[in-house]
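Have a look at the structure below, then the notes.
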Amino acid sequence: MNKNRDLKHNIYALKRLFGQLATVSKRTVGDVDYISGEQVVTSRDMTIARVILLPVNYSMQRNFAMFLAAFKYGGDIKVGDREVIIDRSDLQDTIVAGDYIVISERRFEIISILEMDDAGYYLAIRNTQDE
């Protein structure tokens with residue numbers, strides 16, 4: 001219990017120092033139009049006052065990519081990959097991989113989500129704006 005309180009305190013401190021405005025777009029797939037075959041996709045935007053966008057360490061990404069190159073299937077590391085921490089209390093709804101987040105007018109796709117106890121979420125995101 002004490003670790004959870006410390007984690008919440010650290011996230012709060014990071015939000016105050018490095019927090020950035022972000023918008024999470026949660027995509028929901030509705031009914032399928034049987035005549036045209038298209039799915040009706042809607043999105044619901046959630047504005048988050050302060051998310052923590054972690055800095056990029058390009059040398060670490062390059063070293064990790066070189067390490068993965070020795071394996072048969074390699075790895076999937078792109079320069080636009082970033083990490084974000086979101087406080088759980090800032091989200092009104094759950095998020096899943098495949099949703100989008102917009103930070104500093106750049107759009108990122110959420111690749112994976114790691115839940116940090118009851119304190120927050122650690123997201124791996126990928127820049128999709130330049131593709």
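The values are calculated or read from the model by the stated rules, or taken from the named source; none is laboratory data. Note that the structure is predicted; figures quoted are calculated from it, not measured. Cβ: placed from backbone, ideal geometry, glycine included. Neighbour counts: every protein chain shown.
Okay, here's what the table says:
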quantity: Qualifying residue in region 53-62 (condition: of a type in the set (Ser, Thr, Tyr) and at pLDDT below 80); calculated: yes
quantity: Among (1) in contact with a Phe, Trp or Tyr (Cβ under 9 Å, 6 or more places away or on another chain); (2) part of a loop (DSSP other than H, G, I, E, B) - the single one residue 92 does not satisfy; calculated: (1)
quantity: Pair list, Cβ < 6 Å and 6+ apart or interchain, from region 96-118 residues that are on the phi > 0 side of the Ramachandran plot to residues that are surrounded by fewer than 15 Cβ atoms within 10 Å (Cβ to Cβ) and not hydroxyl-bearing (Ser, Thr, Tyr); calculated: 117/4
quantity: Output for region 64-88, where each listed residue is assigned to a helix (DSSP H, G or I) and either among the charged types (D, E, K, R) or modelled with pLDDT of 90 or more (or both); calculated: 88
quantity: All positions within region 1-41 that are closer than 22 Å to residue 93 by Cβ and surrounded by fewer than 10 Cβ atoms within 10 Å (Cβ to Cβ); calculated: 29, 30, 31, 41
quantity: Of all residues making up region 104-131, the number that are of a type in the set (A, V, I, L, M, F, W, C) and not in a strand (DSSP E or B); calculated: 1
quantity: Selection from region 87-131 of residues that are among the aromatic types (Phe, Trp, Tyr) and under 18 Å from residue 55 (Cβ atoms); calculated: 108, 122
quantity: Pair list, Cβ < 6 Å and 6+ apart or interchain, from region 1-15 residues that are among the aliphatic types (A, V, I, L, M) to residues that are surrounded by 11 or more Cβ atoms within 10 Å (Cβ to Cβ); calculated: 7/119; 11/87; 11/119; 11/120; 14/52
